[in-house]
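J.: Okay, handing you the structure first.
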Amino acid sequence: MMNARATKRRRRKPPQAYSHVSSEEERYLMQAIRNSKLDTSRNRGELVVDPAPTFYPTVEEFQGNPIDFIEKIRPIAQQYGICKIVPPKGWNPPFCVDMDSQKKFQTKHQLLHRLQEGISFGDGEDYNARDYQNLASRQAKAYKDEHYPDHDFCVKHASSLNDENGDPSAETSKKLMTPDNLERDYWNIVETHARQHSVEYGNDVDRSEEH
């Protein structure tokens with residue numbers, strides 16, 4: 001018997017196949033996918049990539065809706081596929097998420113260790129903002145306990161573990177669950193498939209309705 005919740009859930013459209021792709025382009029694409037599955041270690045060689053543009057909007061340009069500024073720089077940024085926007089000094093946007101709202105959004109069950117395989121992922125659960133925050137907090141604690149078990153000890157005893165400048169030593173830094181270490185972990189999982197890890201990724205949130 002079909003679950004009542006599942007019948008009401010708005011299903012996402014399945015990914016559409018690429019159109020107007022030549023046989024040669026398709027052959028290169030399939031070869032790239034096969035190569036990505038064979039990677040077992042990260043490439044430490046130097047890769048030269050042209051720097052993406054960085055924008056420094058003024059307070060006046062960033063007031064109101066920052067999306068207006070993004071639309072303004074789109075013709076330049078889209079040539080690179082990515083850009084960096086440095087908000088003006090002192091810009092402190094208010095927290096705009098209604099954590100008490102019961103409205104829900106969809107997630108995707110994303111397998112980080114298979115991101116390079118070009119496969120689509122199934123649906124995760126639906127969450128409101130508060131439930132998703134609680135989920136993220138539980139998973140963050142579980143990840144810290146498993147991969148950074150000495151984090152709390154290092155933070156508590158930082159005064160005795162840090163160097164003369166007050167900075168963590170190289171050895172201590174490896175034991176802290178910092179953004180830099182988490183980014184390293186992420187790319188190790190994605191590129192080397194060193195371990196399996198999945199998340200319920202709150203991507204592609206539909207803003208056509210009030211959330």
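The values are calculated or read from the model by the stated rules, or taken from the named source; none is laboratory data. Since this is a predicted model, take the numbers as computed values, not measurements. Because the Cβ atoms are built from the backbone with ideal geometry, glycine has one as well, and the counts that use them run over all protein chains shown. Heads up: the accessible areas ignore ligands, DNA and RNA and are worked out on the full protein's heavy atoms, side chains in. Shrake-Rupley method; radii C 1.70, N 1.55, O 1.52, S 1.80 Å.
J.: Filter the stretch 150-181 for residues that are surrounded by fewer than 14 Cβ atoms within 10 Å (Cβ to Cβ) and closer than 22 Å to residue 112 by Cα; which is nearest to the chain's Cα centre (by Cα)?
T.: Checked the stretch 150-181; the qualifying residue nearest to the chain's Cα centre (by Cα) is 179.
J.: Right, here's the next one. Inside the stretch 48-97, can you point out the residues that are small (Gly, Ala, Ser), surrounded by 11 or more Cβ atoms within 10 Å (Cβ to Cβ) and under 30 Å from residue 129 (Cβ atoms)?
T.: The answer is 77, and nothing else.
J.: In addition: Can you confirm whether residue 139 is in contact with a strand residue (DSSP E or B) (Cβ under 8 Å, 6 or more places away or on another chain) and part of a helix (DSSP H, G or I)?
T.: The answer is yes for residue 139.
J.: Considering every residue within the stretch 7-26, establish whether at least one is open to solvent by 100 Å² or more (accessible area, probe 1.4 Å) and either at pLDDT 90 or above or aromatic (Phe, Trp, Tyr) (or both).
T.: For the stretch 7-26, residues open to solvent by 100 Å² or more (accessible area, probe 1.4 Å) and either at pLDDT 90 or above or aromatic (Phe, Trp, Tyr) (or both): present.
J.: Give me the pairs: first residue in the stretch 89-117 and closer than 22 Å to residue 197 by Cα and part of a helix (DSSP H, G or I), second residue open to solvent by less than 90 Å² (accessible area, probe 1.4 Å) and of a type in the set (Ser, Thr, Tyr), beta-carbon distance under 8 Å, and six or more apart or on different chains, which are they?
T.: Pairs found: 112/186; 112/198; 116/36; 117/36.
J.: Consider the stretch 122-174. How many of its residues are touching a residue at least 24 places away in the same chain (Cβ under 8 Å), hydroxyl-bearing (Ser, Thr, Tyr) and in contact with a Leu (Cβ under 6 Å, 6 or more places away or on another chain)?
T.: 0
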